[in-house]
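S.K.: Sharing a structure, written as structure tokens. Questions coming.
What follows draws every value from the coordinates through simple rules; no lab data is involved. Quick caveat, the model's predicted, so the values are computed rather than measured. We place every Cβ from the backbone using ideal geometry, glycine too, and count neighbours over all the protein chains shown.
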């Protein structure tokens, strides 16, 4: 399941307007002892690339923190992996 969280628009270094859509992804983790929700992120650019990273955390507050960071800094699909790696 996915929920669109925000859309942001910005100008890149060459002055081209870019529009990014940010999504919360929700999956499920199951082990022999527990069953819980797992959260991830997808960023898509209108008319361009998209990147998805699933199962980043099971914490709703942590994924909210990450999504806020991504949206506020207008991170695009190509930067998602680097930002998540640094954030973890």
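S.K.: Does the chain classify as rounded, prolate or oblate by the C-alpha gyration tensor (a ≥ b ≥ c root eigenvalues; a/c under 1.5 gives rounded; else a/b over b/c gives prolate, otherwise oblate)?
M.R.: Working: a/c = 2.59, a/b = 2.24, b/c = 1.16.
Taking the square roots of the gyration eigenvalues as a ≥ b ≥ c, the chain is prolate.
S.K.: Among 7-14, 43-50, how do they line up by average Cβ neighbours within 10 Å per residue, starting with the highest? Kindly include the intermediate steps, with their values, before the conclusion.
M.R.: Details: 7-14: 10.0, 43-50: 14.2.
For the peptides 7-14, 43-50, the packing ranking is 43-50, 7-14.
S.K.: Can you give me the Cα centroid spacing of the range 1-37 and the range 48-88 in angstrom?
M.R.: Cα centres, the range 1-37 to the range 48-88: 7 Å.
S.K.: Sticking with this structure for a sec: Angle check, please: helix 60-72 long axis (alpha carbons) against the longest principal axis of the chain (alpha carbons), in degrees 0 to 90, nearest 10.
M.R.: So the inclination is approximately 10 degrees.
S.K.: Assuming 0.36 nm per residue, please report the length gained on full extension of the stretch residue 35 to residue 16 beyond their Cα-Cα distance.
M.R.: Extra length available between residue 35 and residue 16 comes to 2.4 nm.
S.K.: Also: Given Cα pairs under 8 Å that are at least 6 residues apart, what percent is the relative contact order of the chain?
M.R.: On the way: 156 pairs, mean separation 20.6, N = 88.
Reported as a whole number, the value is 23 percent.
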